[in-house]
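Novice: Below are the structure tokens for one structure; questions will follow.
The values are calculated or read from the model by the stated rules, or taken from the named source; none is laboratory data. Worth saying up front: this structure is predicted, and the values here are computed from it rather than measured. Glycine also receives a Cβ, built like all others from the backbone with ideal geometry; neighbour counts cover every protein chain displayed.
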Amino acid sequence: MSDINNQPLHDLGVAELAASLRAREVSAVEAAQHFLARARSHESLGAYLAVDEAVTLAQARAADARLAAGTAGPLEGVPLAHKDIFVTKDFPSTAGSKMLEGYRSPFDATVVRKLAEAGVVTLGKLNCDEFAMGSANENSAYHPARNPWDVTRIPGGSSGGSAVAVAARLAPAVTGTDTGGSIRQPASFCGITGIKPTYGRVSRYGMIAFASSLDQAGPMGRSAEDCALLLSAMCGPDPDRDSTSLDVPAEDFSRSLNDAIDGLRIGIPKEFFGEGLSADVRTAVDAALKEYEKLGAKLVEISLPRTELSIPVYYIIAPAEASSNLSRFDGVKFGHRARDYTDLVDMYKKTRAEGFGDEVKRRIMIGTYVLSHGYYDAYYLQAQRIRRMIADDFQQAFKVCDVIAGPVAPTVAWKLGGHGNDPLADYLADIFTLPASLAGLPGMSVPAGFGEGGMPVGLQLIGNYFSEARLLNAAHRLQQVTDFHSRKPEGV
Ligand code: GLN
């Protein structure tokens, strides 16, 4: 049993699958088994860090019981997998780090709980860069993930496993997190759709912290329609558990998907189309913008003059916050503890030396440095000031446009190992995703075509605070006139 209306089960989107489950054309157990089997047969892609068939099937049986009893949630029985940065009671939670190898949380992250309440069945936990630090998923302490469009290439990061799972049809949709681009960039590299909501839209409770003023969870799926369904279930205030979650009620993002977009003013930041942008990405992005013009949108040139500064600013603020957040991994409270040590300080040192990978250590050192007495004013405080200016630049731009569009990344996905041991090469590739993160604005990646080597290219849409409905609407309208989001890699 793996076909619905002559379509393989794994080709159905979340919306269609939820409808088939409700109509009892397929059971939650059958759907779960189908995707678990795909995860097994595609293990070489490295998407998953943990699966537990018994747990998944028990959840699926419970979903079937609710479907039979007429007490089903909106996403009842839909299988979904979580980035391994969300803590889960029923699966290990590692954040892609040896520091948390085998760790089991006593509670579920709010995102996990809310989606479970909506009826989803958890397929497992997805590979990611260690503590979400990276742009290629090569910083996972376990194994890299491979891009299903070309397995010699990276899938992007840090939510690399999440993007692979959707692109290879190992899950209909997944969760991811985005601190400086980790939903948008892997979505772009793997030809799927992903949205990072406004900072504070989705609770961070139970998301293993990287940089708390930037971290934000969001859905990744094949279409804007699927992302809208998931985001509606994920968002909403969580005042008792996340003090930065905003007091804005959850919305039904599906409602406005079909709204007309004629007259929509799309801002084109000239700084996103400079020398650094490769020609193939530019061609795909330009073609998508043409489609928008045909749909009645108007393109307006805008300027985000501090785009370049977002790299040094982010790579000061994010490590500063990380150095503080990661101090909790000390071998005492949870996670790895060194086996042999002479005293407490020696235990701390050995535990952290053994448990953390190179990139995490690099960021802890940078973060500690920029926060230290004598350097704080020169680096951290200065970075905070420029962060504010970057946010102000966006507000200037939104006086003349409704959404902003541009590339997600300067190139398509590069080869595994392609950046060698040069972390700066990874950092520089974040240039177009960092500005919205620093400003706390919502941003999306929407499949917009293919570039060098037949690799997917994403179009980035950035909106003002709380304009997720508008972004999803704009993305959906593009997906009604293009089919990039429904293409799939050969052999999948
Ligand atoms: N690539 C960026 C970094 O390495 C962003 C990561 C993220 O969004 N989690 O920090």
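Novice: Just one of E251, E291, E321, E225 is more than 21 Å from the chain's Cα centre (by Cα) and touching a residue at least 24 places away in the same chain (Cβ under 8 Å); which is it?
Specialist: E291
Novice: Name every residue in region 1-19 that is of a type outside the set (D, E, K, R) and under 27 Å from the mean Cα position of the chain (by Cα), in order of residue number.
Specialist: Once the filter is applied, which keeps residues that are of a type outside the set (D, E, K, R) and under 27 Å from the mean Cα position of the chain (by Cα), region 1-19 yields P8, L9, H10, L12, G13, V14, A15, L17, A18, A19.
Novice: Being β-branched (V, I, T) and either closer than 22 Å to R104 by Cβ or within 11 Å of the ligand (Cβ to nearest atom) (or both) is the filter here, so list the residues in region 177-215 that pass it.
Specialist: T177, T179, I183, I208
Novice: Find the residue count for region 62-86, including only residues that are in contact (Cβ under 8 Å) with a residue 12 or more places away in the chain, in a loop (DSSP other than H, G, I, E, B) and surrounded by fewer than 24 Cβ atoms within 10 Å (Cβ to Cβ).
Specialist: 4
Novice: Here is a follow-up. Scan region 162-175 and report the pairs whose first residue is free of Cβ contacts under 8 Å to residues at least 60 places away in the same chain and whose second residue is surrounded by 24 or more Cβ atoms within 10 Å (Cβ to Cβ) and part of a helix (DSSP H, G or I), with Cβ atoms within less than 8 Å and a gap of 6+ or a chain change.
Specialist: Hits for this filter: A163/P186; A163/A187; A163/F189; A163/C190; V166/C190.
Novice: Let me ask something else. Looking only at region 239-259, decide whether some residue is farther than 20 Å from I431 by Cα, in contact with a Leu (Cβ under 7 Å, 6 or more places away or on another chain) and surrounded by fewer than 23 Cβ atoms within 10 Å (Cβ to Cβ).
Specialist: So far as region 239-259 goes, yes, one or more of its residues are farther than 20 Å from I431 by Cα, in contact with a Leu (Cβ under 7 Å, 6 or more places away or on another chain) and surrounded by fewer than 23 Cβ atoms within 10 Å (Cβ to Cβ).
Novice: Do we have L416 as at pLDDT below 95 and within 23 Å of D178 (Cα to Cα) here?
Specialist: Here the answer is no, as L416 does not meet what is asked.
Novice: Specify the residue that is surrounded by the most Cβ atoms within 10 Å (Cβ to Cβ); the eligible residues are those in region 320-342 that are of a type in the set (A, V, I, L, M) and assigned to a loop (DSSP other than H, G, I, E, B).
Specialist: Among residues in region 320-342 that are of a type in the set (A, V, I, L, M) and assigned to a loop (DSSP other than H, G, I, E, B), the one surrounded by the most Cβ atoms within 10 Å (Cβ to Cβ) is A338.
Novice: Residues that are away from the ligand (no atom under 16 Å from the Cβ) and within 25 Å of E291 (Cβ to Cβ): which helices (runs of 4 or more DSSP H) entirely in region 395-492 hold 2 or more of them?
Specialist: In region 395-492, 468-481 are the helices (runs of 4 or more DSSP H) which contain 2 or more residues that are away from the ligand (no atom under 16 Å from the Cβ) and within 25 Å of E291 (Cβ to Cβ).
Novice: Would you pick out the residues in region 300-335 that are closer than 19 Å to I366 by Cβ and small (G, A, S)?
Specialist: Result: S310, A318, A320, A322, S323, S324, S327.
Novice: Restricting the first residue to region 388-417 and requiring it to be more than 13 Å from Q460 (Cα to Cα), which pairs with a second residue that is in a helix (DSSP H, G or I) and of a type in the set (D, E) meet a Cβ separation below 6 Å and a spacing of at least six or different chains?
Specialist: Once the first residue is more than 13 Å from Q460 (Cα to Cα) and sits in region 388-417, its partners that are in a helix (DSSP H, G or I) and of a type in the set (D, E) give V412/E452.
Novice: Within region 106-141, count every residue that is surrounded by fewer than 24 Cβ atoms within 10 Å (Cβ to Cβ), within 16 Å of P186 (Cα to Cα) and away from the ligand (no atom under 12 Å from the Cβ).
Specialist: So the count comes out to 0.
Novice: Next question. In region 308-319, which residue that is more than 12 Å from the ligand (Cβ to nearest atom) and closer than 8 Å to I390 by Cβ is surrounded by the most Cβ atoms within 10 Å (Cβ to Cβ)?
Specialist: Per the stated criteria, the residue is V313.
Novice: Can you tell me which residues in region 142-165 are buried (at least 21 other Cβ atoms within 10 Å of the Cβ) and hydrophobic (A, V, I, L, M, F, W, C)?
Specialist: Hits for region 142-165 are A145, W149, I154, A163, V164, A165.
Novice: Return the only residue of G46, G96 being at positive phi and touching a His at 6+ places or on another chain (Cβ under 6 Å).
Specialist: G46
Novice: Considering each of V55, V111, V26 in turn, give the residue that is β-branched (V, I, T), assigned to a helix (DSSP H, G or I) and closer than 25 Å to A224 by Cβ.
Specialist: So the residue among V55, V111, V26 that is β-branched (V, I, T), assigned to a helix (DSSP H, G or I) and closer than 25 Å to A224 by Cβ is V111.
Novice: How many residues are within 21 Å of K333 (Cα to Cα) and surrounded by fewer than 19 Cβ atoms within 10 Å (Cβ to Cβ) if we restrict to region 352-381?
Specialist: 3
Novice: What single numbered condition from (1) under 28 Å from the mean Cα position of the chain (by Cα); (2) within 23 Å of G451 (Cβ to Cβ); (3) basic (K, R) fails to hold for R328?
Specialist: For R328, the failing item is (2).
Novice: Within region 186-202, track down each residue that is in a loop (DSSP other than H, G, I, E, B) and in contact with a Pro (Cβ under 8 Å, 6 or more places away or on another chain).
Specialist: G191, I192, P197, T198, R201, listed by residue number.
Yes or no, residue by residue, for (1) at pLDDT 95 or above; (2) in contact with a Gly (Cβ under 8 Å, 6 or more places away or on another chain); (3) more than 13 Å from the ligand (Cβ to nearest atom); (4) farther than 27 Å from D11 by Cβ:
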| residue | (1), (2), (3), (4) |
| --- | --- |
| A171 | yes, no, yes, no |
| S223 | yes, yes, yes, no |
| S243 | no, no, yes, yes |
| S256 | yes, no, yes, no |
